[in-house]
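Down below is the structure, laid out as structure tokens.
Only the coordinates and a few stated rules stand behind these numbers; no lab work does. As the structure is a computational prediction, the values presented were derived from the model and not from experiment. Here Cβ is always computed from backbone atoms with ideal geometry, including for glycine, and neighbour counts include all displayed protein chains.
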Amino acid sequence: NRMTTPMKKETVKYNSLGFHIFVGAVITAVVVVVVAGLWLAGSPKEERARRFDSARISSLQSISSAIDQYYNVNNVLPPDLETLAKARETYYVNGITDPETQVPYEYVIRGTNVYDLCATFGTDATDPAVKRADPYGMPENRFWEHKAERTCFNITARTYPK
């Protein structure tokens, strides 16, 4: 026969000063990490605005390329963006409307081969504190810099050697 000795139960005192300090330190650390994360990444609203602006720039770039193609084929600028959108298999554009508001981008012919493309942006891409690094240093990427406002880009259609 084995004799069993009852195990001694240890009780944790949840009302001790040390326990309260530990819990307070853990809560403070969690709050600091969350606040630091939001400060570094920006608020969800700011990140959403950056994503929309990135989509706007992507659309404007594809529209500009399609206008260049149209100009090189027809020796004239397209009369409107809908002309490019309807001939999507020939002139690829990934969208002629703002991704957030669904309002069409503004396209204004200024000359034989000069036009404006306009959009309303939610972030300032000229602020060095906000601007993302351009890994390739391409001058055309700097062309698309904008403030958090309606911005028009004056563009000359590029011609390609035939």
query: Amide H neighbours of His146 under 5 Å, counting only residues 5+ apart in sequence or on other chains, H built in-plane at 1.01 Å?
result: Ala125, Thr126
query: Which whole-Hz couplings ³J(HN,Hα) result when phi for each residue of the range 51-57 is put into the Karplus expression 6.51 cos²θ - 1.76 cosθ + 1.60, θ = phi - 60°, listed in order with x for Gly and Pro?
result: 5, 4, 5, 4, 5, 4, 4
query: Counting other Cβ atoms within 10 Å of each Cβ, which trypsin sites (Lys or Arg not before Pro) in the range 80-113 have at most 14 and sit in a DSSP loop?
result: Arg88, Arg110
query: Over the C-alpha atoms of the range 22-112, what are the Rg and the largest Cα-to-Cα span, Dmax, in Å?
result: 21.8, 75
query: Near the amide H of Tyr105, under 5 Å away, which other amide H atoms are found, from residues 5 or more places off or on another chain, if H is placed in the peptide plane?
result: Thr97, Asp98
query: What ³J(HN,Hα) values, in whole Hz, does the Karplus curve 6.51 cos²θ - 1.76 cosθ + 1.60 give for the range 152-161 when θ = phi - 60°, with x put for Gly and Pro?
result: 10, 10, 8, 10, 9, 4, 7, 9, 10, x
Residues with amide H under 5 Å from that of Phe121, placed H, sequence gap 5 or more: Glu149, Arg150, Thr151
